[in-house]
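Please read the structure below before turning to the comments.
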Amino acid sequence: MIGVFDSGYGGLTVFRELDKKFPKYDFIYFGDNARAPYGSRSSETIYQYTEECVDWLFRERCRLVILACNTAAAAALRRIQKGPPAGGPERKVLGVLIPVAEAVAASKAHTVGILATEATVKSEAYIREIHKISPDIKIIQQAAPLLVPLIEAAMIYHSDMSRALKKYLNPFKTESIQNIVLGCTHYPFIKHLIQAEMPDAKIFDSPSTIPAALENYFSRHPEIEQKLSKNGARRYITTGNPENFEKFVRENDLFPTATSPRVEKCPLI
Ligand code: DGL
């Protein structure tokens, strides 16, 4: 079983692509909707929430958990990976941030704009990871605290969204940024709006990067890949309201292969 974790709905943008690329594998999607957004919380709180959810996924027999949340990956991935292996040494935790940073660093980009949550911007994790590979890339970061709450509230086409986007993208326009990283897995839901604001910009995001990165990981770690169960099972877990979750997922056409998905309430909180 593979666990895909996010603070809320954002990781579904990654899960949708994983579902297509790996139809036979068993997956649990976990949204901590009751405590979303994470992005304006302290790094210690984000770490604690993430660790709790990852532990829960391990107890549900996940052998591999993907933090499909940049905020959680920036605040918690290294600490979780370094700590005593939760659920035993055979359990692994991966994040979405490093593969996206690597994709940008490997591109011929000279200047890059990182659009992310406050916590991800503050962590400077993207700057660190990109500069490890390409130290000369000029990076401008922009925190966008209003975007996740608007997406979680299904207000993608509300005037508050277009106002917020104009404000957040303005520094990138001023600097003529041509490459933008969607440093939050919620933002692919509004990728078309971002692209409309900046039609010439090349956009990097997790959904277009992570499936190939996971395939590459499997080829380097067959001992992990071989132990993953493959019955095509899909479970959806939320700490929030399962009806709201199901409505959001249906309205955004996010149940691609599972015909009658059941959303379960997580007893964790
Ligand atoms: N999807 C999360 C991310 O990638 C959103 C964080 C939040 O809950 O604020 O950063």
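Assorted remarks:
- Long-range neighbours under 8 Å by Cβ, at least six apart or interchain, first residue of a type in the set (Lys, Arg) within region 112-134, second modelled with pLDDT of 95 or more: LYS122/SER43; LYS122/ALA143; LYS132/ALA105
- Looking only at residues of region 26-43 that are charged (D, E, K, R) and within 12 Å of the ligand (Cβ to nearest atom), we find that the one that is farthest from GLY3 (Cα to Cα) is ARG41.
- From GLU197, GLU129, residue being at pLDDT 95 or above, within 16 Å of the ligand (Cβ to nearest atom), over 17 Å from TYR9 (Cβ atoms) and of a type in the set (Asp, Glu): GLU129
- Whichever residue in region 207-221 is in contact with a helix residue (DSSP H, G or I) (Cβ under 6 Å, 6 or more places away or on another chain) and among the hydrophobic types (A, V, I, L, M, F, W, C) and, among such residues, is most open to solvent (accessible area, probe 1.4 Å): ALA213
- Listed by first and then second residue, the pairs linking a residue in region 35-47 that is without any contact (Cβ under 8 Å) to a residue 60 or more places away in the chain to a residue that is crowded, with 18+ Cβ neighbours inside 10 Å, with Cβ atoms under 6 Å apart and 6 or more places separating them unless they lie on different chains, are TYR47/ALA75; TYR47/ALA76.
- Matching option when the condition is in contact with a helix residue (DSSP H, G or I) (Cβ under 8 Å, 6 or more places away or on another chain), away from the ligand (no atom under 16 Å from the Cβ) and small (Gly, Ala, Ser), among ALA106, ALA144: ALA106
- Subset tally (residues that are away from the ligand (no atom under 16 Å from the Cβ) and open to solvent by 30 Å² or more (accessible area, probe 1.4 Å)) for region 109-126: 2
- The C-beta contact set for region 144-155 (first residue in a loop (DSSP other than H, G, I, E, B), second residue within 11 Å of the ligand (Cβ to nearest atom) and charged (D, E, K, R), distance under 9 angstrom, 6+ apart or interchain) comprises ALA144/GLU118; PRO145/GLU118.
- When the residues of region 67-90 are filtered to those that are open to solvent by 60 Å² or more (accessible area, probe 1.4 Å) and in a loop (DSSP other than H, G, I, E, B), the one that is nearest to the ligand (Cβ to nearest atom) is PRO85.
- Any hit, region 181-190, residues being modelled with pLDDT of 95 or more and more than 20 Å from the chain's Cα centre (by Cα): no
- Some residue of region 43-66 being assigned to a loop (DSSP other than H, G, I, E, B), open to solvent by 20 Å² or more (accessible area, probe 1.4 Å) and over 29 Å from SER229 (Cα atoms): no
- Any hit, region 30-40, residues being surrounded by 20 or more Cβ atoms within 10 Å (Cβ to Cβ), in contact with a strand residue (DSSP E or B) (Cβ under 7 Å, 6 or more places away or on another chain) and aromatic (Phe, Trp, Tyr): yes
- Filter pass, SER206 being small (Gly, Ala, Ser) and away from the ligand (no atom under 16 Å from the Cβ): no
The values are calculated or read from the model by the stated rules, or taken from the named source; none is laboratory data. Remember, predicted model here, so these are calculated numbers, not experimental data. Every residue, glycine among them, receives a Cβ derived from its backbone with ideal geometry; neighbour counts consider all protein chains shown. Areas reflect the complete protein model, heavy atoms only, side chains present, ligands, DNA and RNA absent. Shrake-Rupley method; radii C 1.70, N 1.55, O 1.52, S 1.80 Å.
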